Structure formats: C-alpha cells, structure tokens
Amino acid sequence: MGFLHHFISSSPTAHLLHVTEALIIYIVICRLIVRQLQGAWREILFAGFNLAGIYGLLFYGRPPYFNLKFGVYVGLVCFQYVMLRAFAQRKGNLPWLAFFTPIIALIIIRYGPIAGLPNVPGLGWMSGLSLVGLSYLAFRASRLVLEVRNGAVKQPSFCEYLNFCFFLPTMPVGPINTYANYRRGFEEKPPDVPAGRAALRILVGLVKYQFLGSLCSQLGYGPLLLDDHPHPWVDLPIAMLFYYLYLYCNFSGFCDMAIGAAGLIGIPVPENFDNPFAARNVKDFWNRWHITLSQWMRDVVFAPLSKNLVRLFGPAYADHAIALTILVVFLLVGIWHGVGWNFAAFGAMHAISVAANHYYTIFLKKRLGREKFKAYNENRGIHAVAVAVTFCYCGASLFFFANTFQDMKQIFSALR
C-alpha cells in the first residue's frame, strides 16, 4: 500500500494521466473479454491483460532488478499451481502441502535472511525483495486449495489460476476474494453491478485515498511528532486520531477503487469495511475492519484450531480454549501486517481485548440472565460509551502499527 501511495503521489501529472488512461483501457478491454468471449480464449486474453497491467503498474519504469522481481512473482505462482494440481484433491494430509506453499513463500520473502536487505541496486534482484501484494496473494492461493479440497469449486485451469492470482484491481492490497466468489463473474448470469454505481465507488475511493488521506496524514506521527522539535503531550492523542483517520481513508479508499474497478469489469469483490468507527468492542471492530482478513482467519485458523483445542482440553475448558485460539489468531494478524516486534505488540493488544470481551460476555450472561443481558446490549448510553472506548482503544493500538520501537522512543523523548 505504501508503494502504491508513493507511485501515485510522486508521479508527474502527465505520467499520472497516462496511468489513468491505461487503467481505463484495461477496464474496458477486460469488460469486453469477460462478457463477450467464452472458453479458453477468454481466459488466455484475460490473463495476458492482467499480467500486462500488473507489470505496467508495479514494475515498469522501476530499477532493472524489478524485472527479476516480476519473474519471481510469476514463477512463484506457477509453482503454487503445480502444487495445487498435485495435492489439493489428494486424501489425507497431502493437500496441506499445497496449502502451505504460498504461506512458506511469504514467510521466506518477508521474514527470511534476505528480507532486511536494503534497496541497493548493486545487490541485484535480492535487494529489497519484498513484493507488493504478496501477503494477499498467499492468502488467496492458500484459501483456494481448501476450496478445491472441500469440493466447493472445481480445479482451475492454469490461465484461470493466473487470472485469479493476478487480477489487477485486488492484487496489490486486496480485498481477499475467494475463488468461488471471483468465478461468479464468469457465469452465464453474473451479478449485476450498475456501471454508474461502480464508477461512483471509484470516485469516492479516490477522494478518500488521495485527498482525505493526504490531509489526515499531515497530522500523523511522522509529520507531527518526528520532526526533532519538542511537543506538548496533547500532540500525541492528536497524532493517534489523525493516523487512525488516515489509515482508514487510505486503505478503505483503495478498496473502494478496487471494488469499483472490478465491478466495471463484472467481477464481484467482497466489502472490506463496514463503518468500523461504530464498533462496540474490538471483536466487533474486526467484523467491520479488513473484513476479508478477519473471515480468512476465522475460517482457516480460528474454527479448526478452536475445535481441536476443545477436543484436547475437554468441553469443560471450552471457554479457555476459545480464548487461547483468539490469542493465536491476533498474534498472527499482527505479524501478517509487517516485520517487527511492534506489529506483534499491535496484534497482542487486540488479542487481549478480544479475549477480555470473550470472558466479559460470559460473565454478563451468567450474572444478568438472558433478558437483562439483552437489555444491557440495547441500552443506548452503554452502547455510546462502548463505541467511544473502542474507538480510542483501536486508535491507540495503531501507535504500535505505525511506529518502530525506535520511533516510539523518539516520540516520547520529544513530548514535554
């Protein structure tokens, strides 16, 4: 996401116009391909335009070793497809070999020994190997293995797989679409997405991403507090508030553009945000913020792990097994977002809050009973306080998301 923000904001006006024109051409041609063609030719041409779009947007015009990065990306996806074909429909535990292939690739590239190499051209393609959208690609590809294994979808062809992995609107920063939902756009009667509504969605996303996000970023941690000047303590909550608003406008704005562009092509993409500032608690927050990541974690990690832990510890300890699963899930959410202990701390803050809410809900149900618990949840005063506390807590937790520990030390040393 940061790479794309730099790409868009730093491009000269003429170049930005060329990019916009290229994206419009991509949308129009892909719409015609998806709606007017059938069979293998549709998939081949669609794959060609998706790969050309990915290369043109993310790799063209960059340093020479970015061409090798693109080759690594395509090679990785090809290897994942081989593993999918070889193991996804096998019996026993063999499908997990295909499931973990993209996950292991993500771990090696993001957290392995070459991950920390700086972007020094002399180091060649290994320098700064991080690949835009790799986290989203890994989760889409791994989820597809389970869809095939469970019989939810049929085994995709190679070009169908390329199109799913490299679908330009959702490839860089999501949302994380399922293959079953993605293929609905290729049915004889695909979902009807009004072109005017999809175009308006792109415009709204662009305003959030480019205008509102840019305004809010000016009062975030870096511009406001990391300027080597002393600051009053009130600047810290101001930075927390505006970084929270910036992150929402930046991320949800790009998702709006992705959903709108995909809608113009005819491909359904799930919503990724649902008014997260109105969340009653942190559990509710994750049902509204980065929804597709929450659903992936729920279906792929939480559900099977909690069942196994309940089976291991026994029904009497089911509540504790669920709490332990919550801790694991949110630690994974934290480290999925980035490299560094600060991201683990971010995940831990949300894990503790969701686990506390889990136990607090159990306590209230036992203490109040069904009718009083329902009245408690419907009380407007309690709801307003809960929303305000959740908003502040989530905003404060992003302090760890936004800053390394060195940055945190510098911020606190600047506060009087």
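Remark: the chain carries 49 Å² of accessible area per residue (probe radius 1.4 Å; ligands, DNA and RNA excluded). Using a Gaussian network model of the chain whose springs link C-alpha atoms within less than 10 Å, name the residue from Phe251, Phe343, Phe313 with the highest mean-square fluctuation. Highest fluctuation among the options: Phe313. Calculate the FRET efficiency for Asp299 and Lys189 from the Cβ-Cβ distance with a Förster distance of 35 Å, rounded to the nearest 0.05. The value I calculate is 0.85.
With θ taken as phi - 60° and the Karplus curve 6.51 cos²θ - 1.76 cosθ + 1.60 applied, the whole-hertz 3J(HN,Hα) list for region 186-196 is 9, 6, 4, 10, x, x, 8, 10, x, 4, x Hz, x standing for glycine and proline.
Solvent-accessible area assigned to carbon and sulfur over region 49-95 amounts to 65 percent, based on a 1.4 Å probe. For a test of the definition: using alpha carbon positions, the gyration tensor, and the 1.5 limit on a/c, classify region 15-111 as rounded, prolate or oblate. Here region 15-111 falls in the oblate category.
Taking amide H as placed 1.01 Å from N in the peptide plane, the amide H of Phe273 sits under 5 Å from that of Ile291, each at least 5 places away or on another chain. I'm spelling it out carefully: the read-out is log10 I(q)/I(0) by the Debye sum over Cα atoms at q = 0.06, 0.14 Å⁻¹, the candidates are (1) -0.29, -1.23; (2) -0.24, -1.34; (3) -0.27, -1.49, and one was derived from this structure. Which label? Given (1) -0.29, -1.23; (2) -0.24, -1.34; (3) -0.27, -1.49, the calculated one carries the label (3).
Before rounding to the nearest 500, sum -39500 (n - 2.57) across all DSSP H runs of length at least 4 in the chain and divide by the residue total; then give [θ] at 222 nm in deg cm²/dmol. Each step should come with its number before you reach the end.
Details: 19 runs with 283 residues, N = 416.
Taken over the chain, the calculation gives -22000 deg cm²/dmol.
Taking 0.36 nm per residue of separation and subtracting the Cα-Cα distance, full extension of the segment from Leu200 to Tyr111 would add 28.2 nm. Distance between the modelled labels on Val385 and Lys154, one decimal in nanometres: 5.8 nm (7 Å Cα→Cβ projection).
Ligands, DNA and RNA left out, the 1.4 Å accessible surface of region 239-343 is 66% carbon and sulfur atoms. Solvent-accessible surface (1.4 Å probe) assigned to Tyr60 amounts to roughly 150 Å². Overall shape: oblate for region 285-416, with the ratio a/c of the largest to smallest alpha carbon gyration tensor axis at 1.5 or above and b/c at least equal to a/b. Extending 7 Å from the Cα toward the beta-carbon at both Lys366 and Asn275 defines two label points whose distance is 3.4 nm.
With springs only between Cα atoms under 10 Å, which of Ile382, Ile176, Ile54 fluctuates most in a Gaussian network model of the chain? Largest GNM mean-square fluctuation: Ile382. Shape of region 202-352 from the C-alpha gyration tensor: oblate (a/c of 1.5 or more and a/b not above b/c, with a ≥ b ≥ c the square roots of its eigenvalues). Scanning residues 5 or more positions from His231 or on other chains, those with amide H under 5 Å from its amide H are Leu415, Arg416, with H placed 1.01 Å from N in the peptide plane. The label-point distance for Thr20 and Ile104, in a model that sets each label 7 Å from Cα toward Cβ, rounds to 4.6 nm.
Probe radius 1.4 Å, ligands and nucleic acids left out: which of Asp319, Asp256 has the largest accessible area, and how do the rest follow? Kindly include the intermediate steps, with their values, before the conclusion.
Values: Asp319 60, Asp256 15 Å².
Largest to smallest exposure gives the sequence Asp319, Asp256.
If r is the Cβ-Cβ distance from Cys392 to Ile238 and R0 is 22 Å, what FRET efficiency results, to the nearest 0.05? Walk me through the numbers before you get to the answer.
On the way: r = 13 Å, r/R0 = 0.59.
FRET efficiency, Cys392 to Ile238: 0.95.
Lys/Arg Cβ at +1, Asp/Glu Cβ at -1, dipole of the chain taken about the Cα centre: which of Val339, Ala323, Leu32 is farthest positive-ward? The residue sitting most towards the positive pole is Ala323. Across region 209-361, C-alpha contacts under 8 Å between residues 6 or more apart give a mean separation that, scaled by the residue count, equals a relative contact order of 15 percent.
Computed over the chain, relative contact order equals 14 percent, with contacts defined as Cα pairs under 8 Å that lie 6+ residues apart.
The values are calculated or read from the model by the stated rules, or taken from the named source; none is laboratory data. No experiment lies behind these values; they were computed from the predicted model shown. Backbone-built Cβ (ideal geometry, glycine too); neighbour counts: all protein chains shown. Ligands, DNA and RNA are excluded from the accessible area calculation, which covers all protein heavy atoms including side chains. Shrake-Rupley method; radii C 1.70, N 1.55, O 1.52, S 1.80 Å.
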